[in-house]
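All of the numbers you see were taken from the coordinates with simple rules; none came from a lab. Since the model is a prediction, treat every value here as computed from it, not as a measurement. Cβ coordinates were reconstructed from backbone atoms using ideal geometry, including for glycine residues, and neighbour counts include every protein chain displayed.
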């Protein structure tokens, strides 16, 4: 079957490769033209404009958006005049699930179907397959099942029709919230092991956990791989961004009166990581000094460069 992919970043480009490997035809478009060059050599059909892109797609058009959430609205606005009744648009990025409902309504006014699909797999998806969580109508899902089958991992799991429009991205949002908490637990455990004199080889402790323990996971495997490259992670700054989905998960917990303390703590830990000299911790230190006489650390005086 034929599919058009808009957005050829780390995920989109490899999804195209996996689809072509399964025998599907792909038309590709990215605002950065150079992103398509390697895919062209591998058999993808390129387009330099959206009009050219839709023109090279057979009807009814099937378009997969693999772009950042902030770009989906302008992308749909530009794409909508080029689409026709019976076409289907899939948003496979990390959009907020409430936006999916509005996008589906917008497209439905022109008779165009809409699916939202949470995609997990990262840079490993090309070889391992992508975990897919889709939301939308049964009919639209059925039409695109060959695409989902090609992208999903081999075996029984890795694909779900989660429910109506919005269900796919909501499921992926919760998935990422859980991911935050698991990574935070591994990271805290790693730091604690590093602190004590009795443990001689922290990396080997983590490696031993990869078999036979209840905490074995792919994330643990990836952490061990990182530690093999840099045993004390000296080359990595203690700074972590958040994609937005952790925030949305916490917000959804509040909206539905579901407590998410582990996910919330993991999200807040990322906020703290971005502060070189936390104002909150300054206040905590000051209070400890006031009530208990606990020593405070004095910030180093600014250098000439700092004053400039």
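Highest average first, the peptides 171-179, 192-200 ordered by how many other beta carbon atoms sit within 10 Å of their residues are 171-179, 192-200. Stretching the chain fully between residue 25 and residue 225 yields a gain of 68.5 nm (0.36 nm per residue, less the alpha carbon separation).
Relative contact order of the chain: 12 percent, from C-alpha pairs under 8 Å at least 6 residues apart in sequence. Here segment 239-303 and segment 204-236 have alpha carbon centers that stand 26 Å from each other. Reducing segment 51-94 and segment 113-160 to their Cα centroids gives an inter-centroid distance of 18 Å.
Between 149, 277, 100, the GNM of the chain built on Cα springs shorter than 10 angstrom shows 277 fluctuating the most. Length available on full extension from residue 137 to residue 48: 0.36 nm per residue minus the Cα-Cα distance, which gives 28.9 nm.
A simple packing score, the average count of other Cβ atoms within 10 Å per residue, orders the peptides 204-217, 128-141 as 128-141, 204-217, with the highest score first. Sorted on the mean count of surrounding Cβ atoms within 10 Å across their residues, most packed first, peptides 280-292, 72-84, 157-169 read 157-169, 72-84, 280-292. Straightening the chain between residue 37 and residue 205 buys 56.1 nm, computed as 0.36 nm per residue apart minus the Cα-Cα spacing. With a Förster radius of 25 Å applied to the beta-carbon distance between residue 78 and residue 164, the computed FRET efficiency rounds to 0.40. Here the simple spin-label model places points 7 Å from the Cα toward Cβ, and for residue 99 and residue 287 these points are separated by 3.7 nm. Take the Cα of residue 10, step 7 Å toward its Cβ, do the same at residue 254, and the gap between the two points is 2.9 nm. In degrees from 0 to 90, rounded to the nearest 10, what is the angle of the helix 10-21 Cα long axis to the longest principal axis of the chain? Its long axis makes an angle of about 40 degrees. In the chain, the DSSP-assigned H stretches of four residues or longer account for a calculated mean residue ellipticity at 222 nm of -14500 deg cm²/dmol, using -39500 (n - 2.57) per stretch and the full residue count as denominator. Quick one: go through segment 1-43 and flag any residue whose amide nitrogen is under 12 Å from the point 7 Å out along the Cα-to-Cβ line of residue 273. So the set is empty, nothing qualifies.
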